[in-house]
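The values are calculated or read from the model by the stated rules, or taken from the named source; none is laboratory data. This is a predicted model, so every value here is computed, not measured. When we count neighbours, we look across all protein chains shown, and the Cβ atoms used for this are built from the backbone with ideal geometry, even at glycine.
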Amino acid sequence: MRYEAPESVEGAVALLAGATGEARVLAGGTDLLVQMRADLVDPELIVDIKKIPETRAITEDKGGWRIGAAVTGAELKEHARLRRAWPGVVEAANLIGSTQVQGRATLGGNLCNGSPAADSVPALIAAGAVATLAGPQGRRDLPVEDVMLGPRKLALRKGEIVVSFLLSPRPKGSADAYLRFIPRTEMDIAVVGVGVNLTVDGGGTITAARVGLGAVAARVLLVAEAAQAIIGSRLDKAAQERLEAAARAACRPIDDKRGTVEFRTDVAGVLTRRAALIALDRARMS
Amino acid sequence: MAKHHVEAKVNGDPVEFLCETEETLLDVLRDTLHLTGSKEGCSSGDCGACSVMLDGRLVCSCLVLGCEVGGRQIETIEGMAKGDALHPLQQGFLEHAALQCGICTPGFLVASKALLEKTPSPTESEVRYWLAGNLCRCTGYDKIVSAVMDTAAAMRPKQ
């Protein structure tokens, strides 16, 4: 098993594109090393992307934020300005695993692990985050909701890596929130996860919204109908009910030990409403 | 393929070792450097028995490859006591009987030290959340949490 730690995006792409056997990108390693240990993967080549400065930086980008794919949960939490601008994205990333896992786990890894229950992904989708990919043909931008196609299946082409995520500038009166349901208070995999990002005008009416729903389908969903259900409202009782119904209607979950289809669908409605209320409170205070 | 030649610092001392790609930092610490204080519990990042500091960051050494740590600083349980003088947390764990079998203890101590360096006056909730990635099947956690809380109080400068 070969290990390489290139210092440039081009170097990483060349290694991955030239690989003849199975090749894996190593960021935080909190999924990859577990999968290697369990003999689920046996890569011939591991490309560690943490020595590439672009993957490790959080920078302001024309009023928005660019977050490197290999930035850890702990680093996101410690970044006060990013946390103020995108509290939902940061709180979602911070729900992944323990303190120890937070010291290593990354946004890029959470997305590229390809789990429908990934915590940071619904929040990134709600935030309208765009992933910047680099590959043998150059760079391209892909909305986060288009990166994952299904469990462990990504839209990335051979040799392509996620370099960073771009979060656009925040309009006034705008905020996000992420909630997940697990059977305990910490250290578990989402039964349902939901990110809501919204903007309100001076009168408190919602003018824009995005809703990302996780663990209720084969991929994390962008639920346009849920956003439509609250745009133009002040999130009164009727709008909340429409939101819950739209979130539930989007669910195509599986039955497993963490929750039944019926339970997941019900919880998706409740959590979406609660996350929207938190985002609304934050938006009014922003 | 040839083994990786890695130079790093462990508890302040320069070390060099050879390792295969698939060897974890925990494998290297225990089997190559013979620092067996860090324990192997689950090998999947769930139990925290292998907790170490990597460049000042608390991590599970079972989730780090040995070949990743070139040029980096690692702190393990072996560096916690200074000679015969136990770290206050080690003393606190003894006084509170915050251990039985002892397998989880090095991980708890390394993790608790990391917490107190960042948060000298943690609430009980903060202690419990911070240590959620360290599993103990003997104590029921209360004695561990009390040990950390009391040691934190004792370590704070008196007003």
From the option list A:223, A:267, A:216, single residue qualifying as in contact with a Phe, Trp or Tyr (Cβ under 6 Å, 6 or more places away or on another chain) and not aromatic (Phe, Trp, Tyr) is A:267
- Message: Looking at the structure I just gave you, is residue A:189 within 14 Å of chain B (Cβ to nearest Cβ) and either surrounded by fewer than 21 Cβ atoms within 10 Å (Cβ to Cβ) or touching a residue at least 24 places away in the same chain (Cβ under 8 Å) (or both)?
- Response: yes
Of the residues in segment B:54-72 that are part of a loop (DSSP other than H, G, I, E, B) and more than 9 Å from chain A (Cβ to nearest Cβ), the one that is nearest to residue B:21 (Cα to Cα) is B:69
Scanning segment B:129-140 for residues that are crowded, with 18+ Cβ neighbours inside 10 Å and not in a helix (DSSP H, G or I), the one nearest to the other protein chains (Cβ to nearest Cβ) turns out to be B:134
Any hit, segment B:24-42, residues being at positive phi, within 13 Å of chain A (Cβ to nearest Cβ) and crowded, with 16+ Cβ neighbours inside 10 Å = no
Flagged in segment A:5-37 as under 19 Å from residue B:69 (Cβ atoms) and within 10 Å of chain B (Cβ to nearest Cβ), in numbering order, are A:5, A:26, A:28, A:29, A:30, A:32, A:33, A:34, A:36, A:37
inquiry  = When you scan segment B:90-110, do you find a residue that is within 11 Å of chain A (Cβ to nearest Cβ) and either in contact with a strand residue (DSSP E or B) (Cβ under 9 Å, 6 or more places away or on another chain) or at pLDDT 95 or above (or both), even just one?
reply    = yes
- Query: Just to be sure, is residue A:78 surrounded by fewer than 17 Cβ atoms within 10 Å (Cβ to Cβ), among the charged types (D, E, K, R) and either in contact with a Cys (Cβ under 8 Å, 6 or more places away or on another chain) or modelled with pLDDT of 95 or more (or both)?
  - Reply: yes
Among residues of segment B:43-53 being under 13 Å from residue B:77 (Cβ atoms) and at the interface with chain A (Cβ under 7 Å from one of its Cβ atoms), the residue surrounded by the fewest Cβ atoms within 10 Å (Cβ to Cβ) is B:48
Q.
So for segment B:112-123 (the condition being within 14 Å of chain A (Cβ to nearest Cβ), closer than 18 Å to residue B:52 by Cα, of a type in the set (D, E, K, R) and in contact with a strand residue (DSSP E or B) (Cβ under 9 Å, 6 or more places away or on another chain)), does at least one residue qualify?
A. yes
Selection from segment A:182-212 of residues over 18 Å from the mean Cα position of the chain (by Cα) and modelled with pLDDT of 95 or more yields A:199, A:200, A:201, A:205, A:206, A:207, A:208
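Sort out which residues of segment A:124-154 are among the polar types (S, T, N, Q) and under 13 Å from residue A:13 (Cα atoms), and write them in order of number.
Listed by number, the list holds a single entry, A:137.
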Those residues of segment A:38-56 that are within 13 Å of chain B (Cβ to nearest Cβ) and either in contact with a Leu (Cβ under 9 Å, 6 or more places away or on another chain) or buried (at least 21 other Cβ atoms within 10 Å of the Cβ) (or both) come to a total of 8
When restricted to A:232, A:259, A:214, the only residue surrounded by fewer than 15 Cβ atoms within 10 Å (Cβ to Cβ) and not charged (D, E, K, R) is A:232
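Under 30 Å from residue B:15 (Cα atoms), touching a residue at least 60 places away in the same chain (Cβ under 8 Å) and surrounded by 13 or more Cβ atoms within 10 Å (Cβ to Cβ): is that true of residue B:66 in this structure?
yes
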Residue A:273 meets each of (1) under 26 Å from residue A:83 (Cβ atoms); (2) among the basic types (Lys, Arg); (3) touching a residue at least 40 places away in the same chain (Cβ under 8 Å) with one exception, condition (3)
Residue hits (segment A:91-118; crowded, with 23+ Cβ neighbours inside 10 Å, outside any loop (DSSP other than H, G, I, E, B) and more than 11 Å from chain B (Cβ to nearest Cβ)) are A:92, A:93, A:106, A:107, A:108, A:109, A:110, A:111, A:112
